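Everything below concerns the one structure shown next.
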Amino acid sequence: MTRIIAGAARGARLEVPGAGTRPTSDRVRESLFGALESLSAIAGARVLDLYAGSGALGLEALSRGAKSVDLVERGRQAAAIVRRNAAVVAKAGALPPGRVHEIPVHTFLQRASGPFDLVFTDPPYDLDDGAMTADLVALAPLLSADAVVVVERARRSTPPDFAAAGLEQFREKAYGDTALWWAEPAEDQPPTASQSR
């Protein structure tokens, strides 16, 4: 079990899937969300949580004032847990329910319309670099002009190739074996259809 740390649903208990998922630790989540709040990146944001696992990142954002959250998890058992967690958080905080998509991440990105303001992507550690880059390239047209993208991977992993997607890294922080990379749309990128709506 893990819990929502702060916001309208503070203290709500979340189920965590078993094998095949790697929940973000409370310490990392607390640091991550403190930094996001200092950037005013959560309130009113349209949030996308890719490789959602338990949904803890997207649901934490919802509890702290995000406008909406889409949670993408292809595993049937994990997606069922995300749905239950989304219902618990919505009830605990009188919040809009998170939308759960039981579909592969890359398929979702090819079909989604966006725009999204805050994106978490926490892929399995064994996802290869090419697949990670393909996700970022597919994600880029779905971002708002001032979006924040946070990638969580093993510290030993190759840093995400943000440049291939027209994104620019602006922060990196390690917590033990876990590392977070932060990026935003590069200033010299032309606006996409979703950004210019």
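The values are calculated or read from the model by the stated rules, or taken from the named source; none is laboratory data. Because the structure is a prediction, the values reported are computed rather than measured. Neighbour counts are summed over all protein chains in view; Cβ atoms, including those assigned to glycine, are modelled from backbone coordinates with ideal geometry.
A few remarks follow.
- The set of residues in segment 66-89 being without any contact (Cβ under 8 Å) to a residue 60 or more places away in the chain and in a helix (DSSP H, G or I) consists of R76, A79, A80, V82, R83, A86, A87.
- Residue that is nearest to R111 (Cα to Cα), among those in segment 59-97 that are touching a Gly at 6+ places or on another chain (Cβ under 7 Å) and at pLDDT below 95: G75
- Matching residues, segment 90-126, being touching a Lys or Arg at 6+ places or on another chain (Cβ under 6 Å) and either crowded, with 21+ Cβ neighbours inside 10 Å or touching a residue at least 60 places away in the same chain (Cβ under 8 Å) (or both): V100, F116, D117
- Restricting segment 140-159 to residues that are assigned to a strand (DSSP E or B) and among the hydrophobic types (A, V, I, L, M, F, W, C), the residue that is farthest from V47 (Cα to Cα): A154
- Lone qualifier among L48, L62 - being outside any strand (DSSP E or B), under 23 Å from T178 (Cβ atoms) and under 15 Å from the mean Cα position of the chain (by Cα): L62
- Here is the figure for segment 160-180: residues that are in a strand (DSSP E or B) and of a type in the set (D, E) total 2.
- Candidate set from segment 155-168 (those that are surrounded by 14 or more Cβ atoms within 10 Å (Cβ to Cβ) and among the small types (G, A, S)); member that is farthest from A52 (Cα to Cα): G166
- Counted residues, segment 169-197 - those being at pLDDT 90 or above and either β-branched (V, I, T) or farther than 22 Å from F33 by Cβ (or both): 2
- Every residue from segment 99-126 that is in a loop (DSSP other than H, G, I, E, B) and either modelled with pLDDT of 95 or more or more than 22 Å from L32 (Cα to Cα) (or both): E102, I103, P104, A112, S113, G114, P115, D126
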